[in-house]
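See below for the structure under consideration.
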Amino acid sequence: MAVWIQAQQLQGDALHQMQSLYGQHFPIEVRHYLSQWIEGQLWDSIDLDNPQEEFKAKRMLDGLIQELQKKAEHQMGEDGFLLRIKLGHYATQLKNTYDRCPLELVRCIKHILYTEQRLVREATNSSSPGGGMLDSMSQKYQQINQAFEELRVMTQDTENDLRKLQHNQEYFIIQYQESLRIQAQLSSLSTLPPADRLLREPTLQSKRATVEAWLTREANTLQKYRLDLAEKHQKTLQLLRKQQTIILDDELIQWKRRQQLAGNGGPPEGGLDVLQSWCEKLAEMIWQNRQQIRRAEHLRQQLPIPGPIEELLTELNSTITDIISALVTSTFIIEKQPPQVLKTQTKFAATVRLLVGGKLNVHMNPPQVKATIISEQQAKALLKNENTRNDSSGEILNNNCVMEYHQTTGTLSAHFRNMSLKRIKRSDRRGAESVTEEKFTILFESQFSVGGNELVFQVKTLSLPVVVIVHGSQDNNATATVLWDNAFAEPGRVPFIVPDKVLWPQLCEALNMKYKAEVQSNRGLSEENLVFLAQKAFSSSSINPEDYRNMTMSWSQFNRESLPGRNFTFWQWFDGVMELMKKYLKPHWNDGAILGFVNKQQAQDMLMSKPNGTFLLRFSDSEIGGITIAWVAENPNKAGERMVWNLMPYTTKDFSIRSLADRISDLNHLLFLYPDRPKDEVFSKYYTPPLSKAVDGYVKPQIKQVVPEFTTTTPDPSGGNPTYMDHAASPSVSHPHGYGIYPPMSDPMLDADGEFDLEDTMDVARHVEELLRRPMENQWTGQQS
């Protein structure tokens, strides 16, 4: 079965990984419409490290563009018109991108095909009996370890050949010295009498001829040994490069991607121990082969024999240096990222690690790492190797740290524990961009040598994008920028480009991940919750999830443009909900007591079919970080008519005074949590215990919540203070025209939507304040014993 057909059946994280392979560098539409052609080409026959193969890559590029144009021309009808334009655009885009570097197109497609095959293989293993993620990981580890074993055998083989070559060369030099001695003896014959010369000369000449013939044969043999050894080293280096590509361009990149998603609340990226062990094995193999190549070069210099070996050894030495340079520079990574929302004048930390530091003995002369904050433009220039003249975009205190070697773990790392951003220099903003959309990055750089100063490396690594704020009020908008970047950044992007719009299901995945992490709950957002969010985001009334599958949401819709009729954005509303939940309502969400994502009309429809006193908790549509109680009860102004009431939304400020559970306990007219759970069964474990009796003649006052419309004062049977009692529950009879609407209310405390009127509420507050000013003894007469 074609790989693309199987790839389309991937689900969950595997599907997301597959989608992340595509972007402007290679659109997924091209993969889809040219899948058969792409999988039919011999991409592996092109050696990416051989510039002479560029003409083959150019042929592939031209073929791809021709196939795209052909596909575009065959699109007919109304639907085909847009697709024809799109495919033609992609053809032009790919030509402009890869015309000067066609090998990069081959590299890109090879990586895509390899990753798709791996994902399909892992998914197949996990769905087969006895399979699973563990099996696929074991298989992956086994393949990598098998390659290391093959490299070990090859390296040992070339070591044996090198020793044999050295032994043969040493014997050759001894015989060569013997030939020189014979030649010297022949030269000295001229001083002897003719008779002696005639007697000794034939023997010496015969001996010379024999030695010279042996030297000629042995020189050819040595040359063959050298060429064979060089060819073996070439094969070893090819496998080393392939193994390094798997570890650095696949496994390490995946780890970095997991680290990025962890910034959005995804699962932890996992430790680096396995990756470090692989990188250390690579470093060891590379270094052994480098030393072998250097010894072979030394033997050649010791005994120059004309031939192609000099050029071969130069090429091998250059290749092995490139391989080790790529390994060292790629394994200088940020183990612990700095905070992505970074407030000035606030302490922050980060950890940088060199995965091959211990194996290459870098710690023998511990390098120093420097941290600098740079702008997005400066990061782009840095990756293009343009001279940035040591520019920075701000000043970081305590930004130098020496790398330390930890003997027990074998890690070499620098722990920046007390950095602080003293000031920031912002660039000119584009269009509607706000300061909380401007991205910076922390640049970590160092320099060190390996092999007794044989090689000197300058290493640099960039942190994930950082948004700098100066006040806590900017935090939620800055978090939106970070969330969008972490979720939708494409691998190998130019800093820090992200799509301007994404599919709604992709955004749902990111929101759910963030929500679960913030609320610290395994109860994520249900499909009904996501439909509610889609309705809010797109101002839609559809309740069918399929209607939103192919809809896209732009960054502007997400956190630049206010929701219709509101003064806040979609993200600001959602972030307010998360803030409320994680601070005060986490246990209630985990208990399933909060429906939350329900609008006013839905709440009414749900409650009107339930007995009086049934209530539910939903997030306020009109207030950021607000939650309200909706309940069904009799209309006190019209007998026999039922209606749904809504309390003015509570916020974090309200819950800092009195908890949700206590507030629900205070309201005696609330009887059942929707659909039919007695409220005490759900909330009693969170009630505040009753106050203790008076101490030293003083009674501690307490705050209780009251809804005047639903309370009457009845004398306490014990003769104590008055107790608020709710009205008796009325029969479940609804007004024939009252279903799904809010009847008018005459109560001055509640507005037409069943929410409190602020001015009247303030009147009540002033009345309560006046009561509290009265002398204590007058209020509590007869209660002290």
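Which of rounded, prolate or oblate describes the range 642-707 when judged by the alpha-carbon gyration tensor and an a/c cut-off of 1.5? Judged from the Cα gyration tensor, the range 642-707 comes out prolate (a/c at least 1.5, a/b above b/c).
Heavy atoms only, probe 1.4 Å: what % of the accessible area of the range 272-377 goes to carbon and sulfur, would you let me know? Summing carbon and sulfur atoms, their accessible area is 47 percent of the total for the range 272-377. Of the residues Ile38, Leu192, Val459, the one whose Cα sits farthest towards the positive end of the charge dipole of the chain is Leu192 (charges of +1 on Lys and Arg Cβ, -1 on Asp and Glu Cβ, taken about the Cα centre).
Quote the FRET efficiency, to the nearest 0.05, computed for Glu528 versus Ser20 with a Förster distance R0 of 25 Å and r equal to the Cβ-Cβ distance. Here the calculated transfer efficiency is 0.35.
Largest accessible area first, the listed residues Leu397, Leu61 line up as Leu397, Leu61 when surface is computed with a 1.4 Å probe on the assembled protein chains.
Recomputing percent of Cα pairs over 36 Å apart from the coordinates shown identifies the correct label among (i) 62; (ii) 58; (iii) 65 as (i).
Backbone amide hydrogens, once placed in the peptide plane, bring Gly596 within less than 5 Å of Leu617, Arg618, Phe619, excluding anything fewer than 5 places away on its chain.
Taking the charge dipole of the chain about its Cα centre, with +1 at Lys and Arg Cβ atoms and -1 at Asp and Glu Cβ atoms, the residue from Ile373, Ile543, Thr210 reaching farthest to the positive side is Thr210. Compared with the direct C-alpha span, the chain from Tyr687 to Lys638 gains 14.2 nm at full extension, assuming 0.36 nm per residue. In terms of accessible area, using a 1.4 Å probe and ignoring ligands and nucleic acids, Asp322, Asp161 rank largest first as Asp322, Asp161. Relative to a virtual label point 7 Å from the Cα of Gln66 in the Cα→beta-carbon direction, which members of the range 4-46 show backbone nitrogen distances below 18 Å? Once the point is set 7 Å along Cα→Cβ of Gln66, 34-43 turn out to lie under 18 Å by backbone N, inside the range 4-46. Think of it as helices only: each DSSP H run of n ≥ 4 in the chain is worth -39500 (n - 2.57), and spread over all residues that comes to -16000 deg cm²/dmol at 222 nm.
Quick one: go through the range 228-252 and flag any residue whose amide nitrogen is under 20 Å from the point 7 Å out along the Cα-to-Cβ line of Ser277. What the label zone holds, given the 20 Å backbone N cut-off, is 243-252.
Given a Förster radius of 51 Å and the C-beta distance between Tyr141 and Ser609 as r, what FRET efficiency does 1/(1 + (r/R0)^6) yield to the nearest 0.05? Computed FRET efficiency for Tyr141 and Ser609: 0.35. Looking at Ile497, Ile320, Ala593, which one has the Cα that reaches farthest to the positive end of the dipole of the chain (charges on Cβ: Lys, Arg +1; Asp, Glu -1)? Checking the options against the dipole of the chain, the answer is Ile320.
Between amide H atoms placed 1.01 Å from N, distances below 5 Å from Gly394 occur with Ile373, Lys425, all of them 5 or more places distant or on a separate chain. Residues whose amide H falls under 5 Å from that of Leu563, counting only those 5 or more places apart or on a different chain, are Phe568, Thr569, Phe570, with hydrogens built in the peptide plane. Here the spin labels are modelled as points 7 Å beyond Cα on the Cα-Cβ line, and at Ser554 and Lys347 they lie 4.4 nm apart. Rounded, prolate or oblate: which fits the range 438-555, taking a ≥ b ≥ c as square roots of the Cα gyration tensor eigenvalues, rounded meaning a/c under 1.5, else prolate when a/b beats b/c? The shape class here is prolate. Potential lengthening of the chain between Ser35 and Lys242 amounts to 72.0 nm, from the contour at 0.36 nm per residue minus the alpha-carbon distance. Per-residue 3J(HN,Hα) values for the range 301-311, derived from phi via the Karplus relation 6.51 cos²θ - 1.76 cosθ + 1.60 with θ = phi - 60°, read 5, 5, 9, x, 10, x, x, x, 4, 4, 5 Hz in sequence order (x marks Gly and Pro).
For Phe655, neighbours were defined as the other residues whose beta-carbon sits under 11 Å from its Cβ, and their charges (Lys and Arg +1, Asp and Glu -1) total +2.
Principal-axis analysis of the Cα atoms of the chain puts helix 253-262 at an angle of about 20° to the longest axis. Summing Cβ point charges (Lys, Arg +1; Asp, Glu -1) relative to the Cα centre of the chain gives a dipole of roughly 2340 debye.
Taking 7 Å steps out from each Cα toward its Cβ at Ser179 and Thr409 produces label points 6.1 nm apart.
Relative to the dominant Cα principal axis of the chain, helix 77-98 is inclined by about 50°. What you get for the range 585-674, charging only the Cβ of Lys and Arg (+1) and of Asp and Glu (-1), is a dipole of about 20 debye around the Cα centre. Think of each Lys and Arg Cβ as +1 and each Asp and Glu Cβ as -1; about the Cα centre, that makes the dipole of the range 474-562 roughly 80 debye. With the simple model of a label 7 Å out from the Cα in the direction of the Cβ, Ser449 to Gln377 spans 3.8 nm. Kindly flag which residue pairs out of Lys439/Lys501; Lys56/Lys224; Lys56/Lys235; Lys516/Lys685; Lys516/Lys583; Lys256/Lys359 have an alpha-carbon separation exceeding 25 Å in this structure. The answer is Lys56/Lys224. Per residue, the accessible area of the chain comes to 52 Å², computed with a 1.4 Å probe over protein heavy atoms only. Specify whether the C-alpha gyration tensor of the range 1-100 places it in the rounded, prolate or oblate class, a ≥ b ≥ c being the square roots of the eigenvalues: rounded for a/c under 1.5, otherwise prolate if a/b is larger than b/c and oblate if not. Oblate shape, in that a/c is at least 1.5 and b/c is the bigger or equal ratio. Were the residues from Ala326 through Gln506 laid out at 0.36 nm apart, the gain over their Cα-Cα distance would be 61.4 nm.
The values are calculated or read from the model by the stated rules, or taken from the named source; none is laboratory data. Since we're looking at a predicted model, the values are computed, not measured. Neighbour counts are summed over all protein chains in view; Cβ atoms, including those assigned to glycine, are modelled from backbone coordinates with ideal geometry. Ligands, DNA and RNA are excluded from the accessible area calculation, which covers all protein heavy atoms including side chains. Shrake-Rupley method; radii C 1.70, N 1.55, O 1.52, S 1.80 Å.
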